[in-house]
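The structure under discussion appears below in the form of structure tokens.
The values are calculated or read from the model by the stated rules, or taken from the named source; none is laboratory data. The model shown is predicted, which means the values in this text are computed figures rather than measured ones. Neighbour counts run over all protein chains shown; Cβ positions are idealised from the backbone, glycine included. Each accessible area value is taken on the protein alone, full model and side chains, heavy atoms only, with ligands, DNA and RNA left out. Shrake-Rupley method; radii C 1.70, N 1.55, O 1.52, S 1.80 Å.
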Amino acid sequence: MSKKRERPAGRRRIPPTLVVGGTILVLVMAFALAAPLFGNPLHENLTNGLSVTGMPLGPFSKGYVLGTDTLGRSMLSRLAYGARTSLFVAFVSNITSIGVGTIFGLVAGFYRGFAETVVMRFTDIGLALPYVLAALVLATILPSGITRVIIIITALFWAYPARLVYGEVLRLRGRGFVEASVASGASGRSTIRSHLFPHLMPMLVTYSPLNAASAIFFEATLSYLGAGVNPPTASWGNMISDGQSALSIAPHLLYEPGLMLLVTTAAFLLVGEGLKVLNPDLTRLSWLGA
Amino acid sequence: MARRLIVRLFQGALTIFGVAVLTFLLEFIIPGNTAHAIAPRATAATLREITKTLHLNAPLWVQFGDYMKGLLHGNLGESYVQREPVSTLIGQRLPATALLAGAGVLVEVVVGGTLGIAAGLKRWMSRGVNAISLTFLSIPTFVLGLFLLLIFGFDLNIAPVTGGMSFGALILPALTLGLGGVPWYAQLVRDQVAESLSSSYVRTAIAKGLPDRWIIVRHVLRNAFSPALTMVGMDLGIFISGVVVVETVFGWPGLGQLAVQSLDSLDRPVVMGVALVGATGVVVMNIVVDFLRMYVDPRTKLATA
């Protein structure tokens, strides 16, 4: 029935989405690493960095390839430092949020009973919270900066992976290898570590690019709302917020950071999509017109 | 049915209680001296006065009791900055937010559903929907909103750019809010439609000679509706977040704008109050959606037990 050609096992083609997404990510990382080459992101060049009327310079101006912002700072440099912020937040909060979620999901799914009730109730609360509102609440009590963003993202993003892991553990715990491990007297911790956790890895690996994309999104949103990374530290989110007042005169203040956000998030999503393809899914047939 | 309603209401109440405990803890414990937070530059005498009027020296459980009693009476405390009850401030803003949220849901369900049906029926459309999905999934709400504002407001000059509440001012925010949710609905409906098409009941319908159009309307679409409704419920937490952002971008005078403005002035009770109302809204809407779904899709009744 299937028109798809069979491939010999072990010789799976790398999906093009993974290649494209991965390449873009490498380029963004290179851009972030090369940030110091593009000048000082905090230098406010009020004499040459602004137009005669005191407006931001557009792209391709003399000395500023991507133009300047409202304070005459180089957009190129700020975009590069913003990339550092985004990637750093994505990387760290990905580890912390998925880590916390995995631990809770494993404990709830494996030990069941009281732990399960408590953890899953908290997960329900976590999933019911309107993210941005909860983040604003946390932002009122935490000192501003990149740590605040990471704490907020971790506090809000652990619930979803916890739910995922919990479901998966419930499915796995009835399987023979888990029963065998428990029956042979292995401790709960060692069963989790050597039998359950490895089986969670494919799922976690597929989920993490999506989580990273959400984290980048969320960091930008928080910084835009003033609840994340605050100026003068560059973040794509607070750059857009800064530029909002001059939007109609200098639209590049929106397009440039917006495009960076779009490209970076899309790259993470493409990687996630590619990793999903590597986990072969069922291809369904339609009876209509068969 | 009644039993399920009671269970769901109880669970919902528990969740809201949990959120209330969290907001209480955040408001009264972590930040240290509350009186100082209310009036950072006040004299020692004023600080003592504030401490006395707000019972800040009472034992924690007494304060918690007072807080909970207040909540049950609809009292969310008083704004530090505006010297007005938080519930009044929220009441003024609630209709605007409800209007915007309703319009946003309408856009995402209609646009997302249509795209999803098209993609489910025609394989080649699926690629187009994938591309659209990827684009909208990769644009943060505030960037999309500002982008639309720039094009339709400033460049084409056909939408108001000054904020405020009017029908014209509703279109762009609703569109921004809705388009952000379109990928989820499009993908969900597409998968549901594709699944229906490969099901035995569609095969039976074809076998008994039903025209394609009828099969799609009667069997395929009906089966896609219920999961889409579930999605509306599940999506609410994220959706409310979108509302907050969109209100800030477009100057829509709703709860989200209130919360963001209050963050700027560190007006903690207002931020907490809006968050609590938002969480309650999510919980209540989830229960409503749950029962709507039971009405639309009788199969979900069986899953009670």
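Of all residues in the stretch B:277-287, exactly one satisfies the criterion of being without any contact (Cβ under 8 Å) to a residue 60 or more places away in the chain, more than 7 Å from every other protein chain (Cβ to nearest Cβ) and within 12 Å of residue B:234 (Cα to Cα), namely B:285. Select from the stretch B:103-140 the residues that are touching a Phe, Trp or Tyr at 6+ places or on another chain (Cβ under 9 Å) and outside any helix (DSSP H, G or I) and list them in ascending order. Once the filter is applied, which keeps residues that are touching a Phe, Trp or Tyr at 6+ places or on another chain (Cβ under 9 Å) and outside any helix (DSSP H, G or I), the stretch B:103-140 yields B:139, B:140. The residue that is nearest to residue B:242 (Cα to Cα), among those in the stretch B:189-209 that are assigned to a helix (DSSP H, G or I) and touching a Ser or Thr at 6+ places or on another chain (Cβ under 9 Å), is B:189. Against the test of being within 13 Å of chain A (Cβ to nearest Cβ) and open to solvent by 60 Å² or more (accessible area, probe 1.4 Å), the options B:141, B:204 yield a single qualifying residue, B:204. Could you count how many residues in the stretch B:255-276 are at the interface with chain A (Cβ under 7 Å from one of its Cβ atoms) and not in a helix (DSSP H, G or I)? The total comes to 1. Whenever a residue of the stretch A:119-133 is more than 7 Å from every other protein chain (Cβ to nearest Cβ), it has no partner that is among the polar types (S, T, N, Q) and open to solvent by 10 Å² or more (accessible area, probe 1.4 Å) lying with C-beta atoms less than 6 angstrom away and at least six residues away or across chains. One residue alone among A:170, A:204, A:247 is touching a residue at least 60 places away in the same chain (Cβ under 8 Å) and either of a type in the set (S, T, N, Q) or over 24 Å from residue A:95 (Cβ atoms) (or both), and that residue is A:170. Could you tell me how many of the residues in the stretch A:21-78 are within 22 Å of the chain's Cα centre (by Cα) and of a type in the set (A, V, I, L, M, F, W, C)? Result for the stretch A:21-78: 12. Residue under question is residue A:89, and the condition is that it be at negative phi, crowded, with 16+ Cβ neighbours inside 10 Å and part of a helix (DSSP H, G or I); does it hold? Against the criterion (at negative phi, crowded, with 16+ Cβ neighbours inside 10 Å and part of a helix (DSSP H, G or I)), residue A:89 qualifies. Of the helices (runs of 4 or more DSSP H) lying entirely inside the stretch A:97-216, the ones with 2 or more residues being acidic (Asp, Glu) are found at A:113-128. Return yes or no: is residue B:263 touching a residue at least 40 places away in the same chain (Cβ under 8 Å), open to solvent by 10 Å² or more (accessible area, probe 1.4 Å) and more than 19 Å from residue A:126 (Cβ to Cβ)? For residue B:263, the condition - touching a residue at least 40 places away in the same chain (Cβ under 8 Å), open to solvent by 10 Å² or more (accessible area, probe 1.4 Å) and more than 19 Å from residue A:126 (Cβ to Cβ) - is not met. In the set A:111, A:166, only one residue is touching a Gly at 6+ places or on another chain (Cβ under 8 Å) and open to solvent by 60 Å² or more (accessible area, probe 1.4 Å); that residue is A:111. Regarding the stretch B:220-231, can at least one residue be identified that is open to solvent by 30 Å² or more (accessible area, probe 1.4 Å), under 22 Å from residue B:95 (Cα atoms) and more than 10 Å from chain A (Cβ to nearest Cβ)? No; the residues of the stretch B:220-231 include none that is open to solvent by 30 Å² or more (accessible area, probe 1.4 Å), under 22 Å from residue B:95 (Cα atoms) and more than 10 Å from chain A (Cβ to nearest Cβ).
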